[in-house]
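Trainee: Sharing a structure, written as structure tokens. Questions coming.
The numbers here are math on the coordinates, done by the rules we state, and not lab data. Since we're looking at a predicted model, the values are computed, not measured. Here the Cβ positions follow ideal geometry from the backbone for every residue, glycine too, while neighbour counts run over all protein chains shown.
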Amino acid sequence: MAGITLKKRNKMGRRSHKGFTLIETIAALAIMITLVAIAVPMAIKFMETQETKSARTEMSHIFNDIFFGDPKNGTYGFVGDLGIYPEPNQGSNNLPEELIKNVHNRPAYHTSKDAFGNPTGVKFGWNGPYSPDGENLLKDPWGEYYLFKYDPYNAAIIISKGPNRRYEGASGDDLIYPIHGEEIHVYGSVLIEVRDERSNHHPPTETLLFYYSDKGKDAYKKAECSCSPPGYICSVLFDGTYVHHGLHFIELLDNKGNILSSTVATVIHGQQTKVTLTLR
């Protein structure tokens, strides 16, 4: 009939269109579910591995900031500045807050002075924060506080509770730095030799003063040193928790309190430093 347009139909008399059948849709969903079931655990495992790597790296940086610092830039870390381990927060083993805040009112970073009030050239005192991360320093990638445990005469360790966020006595999935069982002694010793080459010195006994940081305060240990006859070498060993990693000042006095010689000594953790003072 004129004026009427007929729509093209398929052989069944229905409009032609594309689409999924119910079976195809179910099959596609099954494949997607299978892929998700495989991918999600892999993604979780990957994230956990990355977080573990991040925690270990962070723990190594914290440990270095506490104990060793960066001597090339003139810092020997918290221990070098204050002569002690950082103190854990009261009632907990959490990583000490005083790494980022001077919560114990330690003396400010300053050039230390000898027994006569003269500057030694060695700096002591709180020089934090000891990490540019600030508050983020205290927590691991899982949002839990790092733990800090130590024995003044043995290894100190930093612990992360790990992915399960439970402390299991440094076992299970707990992360430990340094590697469990490895001992890091932040204290060393200093052997001081005094060689007396004077021909007419009197008296033969001098006094050695060894300066160190006592919680950021200037302090010193005293020892007698006898050098007689001329050419004789007197040796004195300073050893103990006051001989902390970092810089120390050494002074030799006569019996009248006059300064005969002085020097700065670098103590390396776990090692013995030898210093020779020669009197002419």
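Trainee: Residues with amide H under 5 Å of LYS215's amide H, sequence separation 5 or more or different chain, H placed in the peptide plane at 1.01 Å from N; which?
Mentor: It is ILE84, by chain and number.
Trainee: Now, a different point. Enumerate lysine pairs in the range 187-279 that are 8 or more residues apart or on different chains, then count those whose Cα atoms are under 21 Å apart.
Mentor: Lysine pairs meeting both conditions in the range 187-279 amount to 4.
Trainee: Quick check: residue separation of SER171 and ILE184 times 0.36 nm, minus the Cα distance between them. What number comes out in nm?
Mentor: Additional length available on full extension: 2.7 nm.
Trainee: Please work out the FRET efficiency for the pair ALA115 and LYS215, using the Cβ-Cβ distance as r and a Förster radius of 22 Å; give the result to the nearest 0.05.
Mentor: Efficiency, from the Cβ-Cβ distance: 0.75.
Trainee: Moving on. If I stretch the segment between VAL103 and LYS149 completely, what's the gain in nm (0.36 nm per residue apart, minus their alpha carbon distance), one decimal?
Mentor: Computed gain between VAL103 and LYS149 is 14.7 nm.
Trainee: For LYS123, which sequence-distant residues (separation of 5 or more, or a different chain) have an amide H within less than 5 Å of its own amide H, given hydrogens modelled in the peptide plane?
Mentor: Under 5 Å from the amide H of LYS123: SER112.
Trainee: To the nearest 0.05, how large is the calculated FRET efficiency for GLN271 and GLN90 if R₀ is 30 Å and r is the Cβ-Cβ distance?
Mentor: 0.35
Trainee: In whole Hz, with x marking every Gly and Pro, tabulate ³J(HN,Hα) for the range 23-31 from phi via Karplus 6.51 cos²θ - 1.76 cosθ + 1.60, θ = phi - 60°.
Mentor: Those phi angles translate into 5, 5, 5, 4, 5, 5, 5, 4, 5 Hz.
Trainee: Between GLU51 and LEU191, how many nm apart are label points set 7 Å from Cα along the C-beta direction?
Mentor: 5.1
Trainee: For the range 50-177, what does the relative contact order come out to in percent, with C-alpha contacts under 8 Å and a separation of six or more?
Mentor: 22 percent.
Trainee: Here is a follow-up. Cα convex hull of the range 187-279: mean projected area in nm², to one decimal?
Mentor: Over all viewing directions, the range 187-279 projects a mean Cα-hull area of 5.4 nm².
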